[in-house]
Amino acid sequence: THGFDPGQSDHVLLTHSYISVGDDNVAIKSHGKRSSINLAFIDNHFYYGHGMSIGSETDSGLRNMMVRDLTIDGFDSPGGIGLRIKSDASRGGRVDSVVYRGICMRNVRQPLVFDSYYRSADAGTRYPLFTNIEVSELHSLGSPKYSGGQLTFAGFNAAGQHNPLSITLDNVVFDGPQGRGYFKGGHD
């Protein structure tokens, strides 16, 4: 029940859309032999759902993605997510050069989720690597139910692999008291 699911795609543009769903508002995957490259998501509005998601299948790689001018109202749902990259050792790969700019969200339980252990019980040798991720000009207005929300930043550090999460946060603002943060694995 994803709103838009451009898996194994290149040169994709989604703009001026209003999406409310029971799963990911947008879910970008790369599985098999084809990467997802050159994707742009500009001036969209998300409501109920699991946000702007990459993964969990990233084993073919993803690169060169831009998300700009995104508004999210999560309606304080228990599954509300803002921006997310998710994978694990059973389906991981390189996610590189992803830019999120001009994001405004409210009533979102988990505003930022960058998780290399999405299904931590899964074993495998397809290790996730998230590099050159940039989040700038993000404003989270908080939530009456979840305050500032929960943040997840988890690079991959297991099975002899050390793949830090390479992320830059610039002008990222959370209103109200900040909720819990989860940090695991390597980080840059």
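Side notes on the structure shown:
- Test: residue in the range 132-145 that is assigned to a loop (DSSP other than H, G, I, E, B), at pLDDT 95 or above and under 17 Å from N38 (Cα atoms): no
- Residues being part of a strand (DSSP E or B), open to solvent by less than 10 Å² (accessible area, probe 1.4 Å), under 30 Å from P78 (Cβ atoms) and not basic (K, R) are entirely absent from the range 5-25.
- Residue check, H45 touching a residue at least 60 places away in the same chain (Cβ under 8 Å), surrounded by fewer than 19 Cβ atoms within 10 Å (Cβ to Cβ) and on the phi < 0 side of the Ramachandran plot: no
- Here V95 passes the criteria (1) more than 18 Å from T168 (Cβ to Cβ); (2) open to solvent by less than 40 Å² (accessible area, probe 1.4 Å) except the one numbered (1).
- For the range 85-104, the criterion of being farther than 24 Å from E137 by Cα and free of Cβ contacts under 8 Å to residues at least 40 places away in the same chain is satisfied by at least one residue.
- Every residue from the range 128-175 that is free of Cβ contacts under 8 Å to residues at least 24 places away in the same chain and surrounded by 14 or more Cβ atoms within 10 Å (Cβ to Cβ): none
- Within the range 102-117, not a single residue is of a type in the set (F, W, Y), modelled with pLDDT under 95, in a loop (DSSP other than H, G, I, E, B) and open to solvent by 50 Å² or more (accessible area, probe 1.4 Å).
The values are calculated or read from the model by the stated rules, or taken from the named source; none is laboratory data. Everything quoted here is computed from the prediction, not taken from an experiment. We place every Cβ from the backbone using ideal geometry, glycine too, and count neighbours over all the protein chains shown. All accessible areas refer to the heavy atoms of the entire protein, side chains included, with ligands and DNA or RNA removed. Shrake-Rupley method; radii C 1.70, N 1.55, O 1.52, S 1.80 Å.
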